[in-house]
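The values are calculated or read from the model by the stated rules, or taken from the named source; none is laboratory data. Predicted, not measured: the structure shown is a model, and the values here were computed from it. Glycine also receives a Cβ, built like all others from the backbone with ideal geometry; neighbour counts cover every protein chain displayed. Side chains are part of the model used for accessible areas, which takes the heavy atoms of the whole protein and leaves out ligands, DNA and RNA. Shrake-Rupley method; radii C 1.70, N 1.55, O 1.52, S 1.80 Å.
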Amino acid sequence: MIIVEEVQSDNQKKKFLEFPAQLYRHDKSYIRPRNQDIEEIFDPEKNKSFVNGECARFLFKNKENEIVGKVAVFTSTLYEQKQPTGGIGFFDCINDQKTADFIFDHCKHWLQERGMEAMDGPINFGERDKFWGLLTEGFAEPLFGMNYNFPYYKDLFENYGFKVYFEQLCFSRPIFAEVSRIFTLMHTKHSRNPAISARPMKKNDLPKFAKDFTEIYNQAWAVHGEGKQLEEAKVLKMFRTMKPIINEHISWFVYENEKPIAMWMNLPDVNQWFKYLNGKFGIIEKLKFLWIKQFKKNEKMVGLVFGVVPEWQKKGIDGYMIWEGTQHLRKHTDFKTTELQWIGDFNPKMIKIAESLDTTVTRKLATYRYLFDRNREFERHPIL
C-alpha cells in the first residue's frame, strides 16, 4: 500500500526537500541543492512558467508512514511537441520498481486528466539550464543546477517503459592539459594583428560587457537551432545577479579594434562551495559561504557560453582567445578543470564546437519520454 500526499503545507514542503538528503546520505558525490533554488520553481510569483502551465508536487509513503518517493508533475502550453506532452521532475525513489511504477502511474493519470498524451522526464518546470535529465554516466559531484541520481534510476525509468528522447552530453577538460597546437598557432598569428585584442571581464564595467555579450551572442547563436535573441537589459540584470561569484580571470572577450567579435564565458562551480551548506542559505549560511569562498579553493569552473561572430568563424580567433585566456588563468587561479553544461545529441553543430575545444565527454544525462499510447511509434528528438 502506498499513500499519496499532495505537497501543500510547509511541513510537506520541508519533507519534499529533506527526502533526497536522507536518501543520499551515504553517497559522497551527492551535493544537496539549495532549498531556495528548488522552492522558487514551485512559486507562481517567481516562476513565469505558471502563466502558461500547471504544476503539482507529491510525496509517496509506505504503510509505516515512511516517505519512499517524491515527484513533481506539470504541463505547459509552451512545451510544444508532436503530441500534447507533460513533464515530470524532481523524482526521487527508493530502489524498488513497484514503488517507481506507482509514482509513474500517478503522474500519467494526472497528465491524462489534463489532455496529455505523453510525459517527458526528469525535466524542469521551466528552462532547460537547470534540473534537466537523468544522470546515466559519470556519477561524480554534480555542477550547480545539475541533476544527480543513483545509477538504479535508469532501470526504474526504462523498466517502466520510458525511452531515451535525447541524450545530454557534458564535456570536460583539465586546465593544465596540453592545448591543441592549432590553438597556439592561431594565437601567434592573431597576436601579430594590432587590431586584435583580448581582455577579461571586469566587475566594475558590467554594462559594457553585457552590451558586448548580447551583440556577440545574438550574432553567433541566434541562427543556430533553438537559439533565442537576447535583450541587453536582461543580460545586464543576469550579470549583476552573478556579480558576487564572477571571477575576473576566467571570462574573456576578443575585439577587433573596439568591436566585440568573440567571447568565452566561465563561472566558478558554486556547488564546490554550496556543498558545505546542506541546502540552506540563511544569514548564517551566507556568512559561512563568504568565509568558504575566501578560504576554500575552488578547482572547478563551468563554461557557460562560447561564441564567435559569423565573419570571424573558421579563422582561428577561438584558438587565440582560448590560449590567451588559458595562459592567464593558469597563473592567477586555482582552477584545475573546466566543464561545459550539457549539449543535446540532437545538436551536432554545438557538439562539434565542444569537441574542437579539446574536451572529452565525462558524463551523460538522458531526457526520457513515455507515450501513453503504447502502440504509437516512438520518435527521438529531431536533429537540428
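For the charge dipole of the range 269-384, defined by +1 on Lys and Arg C-beta atoms and -1 on Asp and Glu C-beta atoms about the Cα centroid, which residue among Ile322, Thr367, Asn271 has the Cα displaced farthest towards the positive pole?
Asn271
Leaving out ligands, DNA and RNA but keeping every protein chain, what accessible area does Val305 have, in Å² rounded to the nearest 10, with a 1.4 Å probe?
30
Are any of the pairs Lys202/Lys288; Lys28/Lys364; Lys243/Lys297; Lys315/Lys352 more than 22 Å apart by Cα-Cα distance, and if so, which?
Lys202/Lys288
For the pair Lys280 and Arg330, how long in nm is the line joining their label points, each one 7 Å along Cα→Cβ?
Here the answer is 4.3 nm between the modelled labels.
Can you give the FRET efficiency to the nearest 0.05 for Ile383 and Lys288, using r as the Cβ-Cβ distance and R₀ = 45 Å?
0.45
Within the range 63-84, which residues have the backbone N less than 16 Å from the label spot 7 Å out from Asp43 along Cα→beta-carbon, could you tell me?
none
Quick one: net charge of Ile3's neighbours, Cβ under 12 Å, K/R +1, D/E -1?
That sum, taken over residues with Cβ under 12 Å, equals -2.
For helix 283-295, what angle does its Cα long axis make with the longest principal axis of the chain, in degrees from 0 to 90 and rounded to 10?
The helix 283-295 is inclined about 40 degrees to the chain.
Work out, step by step, the length gained on full extension between Glu6 and Asp27: first 0.36 nm times the residue separation, then minus their alpha carbon distance; give nm to one decimal.
Result: 4.8 nm gained on full extension.
How are the Cα pair distances of the chain distributed, in percent, across 20 Å bins from 0?
Pairs per bin, as whole percents: 26, 55, 18, 1.
Please give the charge dipole size of the range 171-232, origin at the Cα centre, charges +1 on K and R Cβ atoms and -1 on D and E Cβ atoms. Round to the nearest 20 debye.
The calculation lands at about 360 debye.
Mind listing the phi-derived Karplus ³J(HN,Hα) values for the range 348-358, rounded to whole Hz, using 6.51, -1.76 and 1.60 with θ = phi - 60°, and x for any glycine or proline?
3J(HN,Hα) across the range 348-358, in whole Hz: x, 5, 6, 5, 5, 5, 4, 5, 5, 8, 6.
Order Lys300, Lys154 by their accessible area, 1.4 angstrom probe, all chains in place, largest first.
Sorted descending by solvent-accessible area, the residues read Lys154, Lys300.
Over the Cα atoms of the range 283-384, what Rg and Dmax result, in angstrom?
19.7, 59
Find the Cα radius of gyration of the range 1-145, compare it with 2.2 N^0.38 Å by division, and give the number to two decimals.
1.02
Any idea what % of Cα-Cα pairs in the range 180-290 are farther than 19 Å?
58
Starting from the residue with the highest accessible area, list Val51, Val361, Val71 in decreasing order, probe 1.4 Å.
Val51, Val361, Val71
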